[in-house]
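For reference, the structure is listed below as structure tokens.
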Amino acid sequence: MLAAIAALAIALGSLMPGSEMPGRLPWDKASHFLGYAGLAGLAGLAGVRLPLAFAASLLYGIAIEYAQLLAPGRSGGDWGDILANGLGAAAAVLLLKAWRRLMA
């Protein structure tokens, strides 16, 4: 449930028209990293297998990037954003895997 809420929050923030966005976000890549780390982490904590949590988060991030092409005043398909999304998802999955091994 929390992962679905996170996915919705990402979509709302990512697909808002460019006119409603702040001028310049100096922490843009960090927000991508943290958002998709949260998404993959919440999915993993909800019981989704970690490789699937990573893959689903990465594919969702790619889909959102290309959906931004349809949002007024937005550019999409930014490979830097996709990389930050994937690195965030990977970091969360690796942290969860390490935590599970530590707790076993």
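The values are calculated or read from the model by the stated rules, or taken from the named source; none is laboratory data. Remember, it's a predicted structure, so these values are computed and weren't measured experimentally. Quick reminder, even Gly has a Cβ in these numbers, built from the backbone with ideal geometry, and neighbours come from all protein chains shown.
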Practice prompt. Return yes or no: is A90 modelled with pLDDT of 95 or more, surrounded by fewer than 19 Cβ atoms within 10 Å (Cβ to Cβ) and either in contact with a His (Cβ under 9 Å, 6 or more places away or on another chain) or aliphatic (A, V, I, L, M) (or both)?
Written response: yes
Discussion item. If I filter segment 71-87 down to residues being hydrophobic (A, V, I, L, M, F, W, C) and part of a helix (DSSP H, G or I), which single residue comes out as surrounded by the most Cβ atoms within 10 Å (Cβ to Cβ)?
Written reply: A84
Item to complete: For segment 32-67, name all the residues that are over 21 Å from R100 (Cα atoms) and of a type in the set (D, E, K, R).
Response: E65
Worksheet item: Looking at segment 22-49, which of the residues that are in contact (Cβ under 8 Å) with a residue 40 or more places away in the chain and more than 15 Å from the chain's Cα centre (by Cα) is surrounded by the fewest Cβ atoms within 10 Å (Cβ to Cβ)?
Response: A46
Discussion item. I'm told V48 meets every condition in (1) more than 24 Å from P17 (Cα to Cα); (2) in a helix (DSSP H, G or I) except one. Can you identify the failing condition by its number?
Written reply: (2)
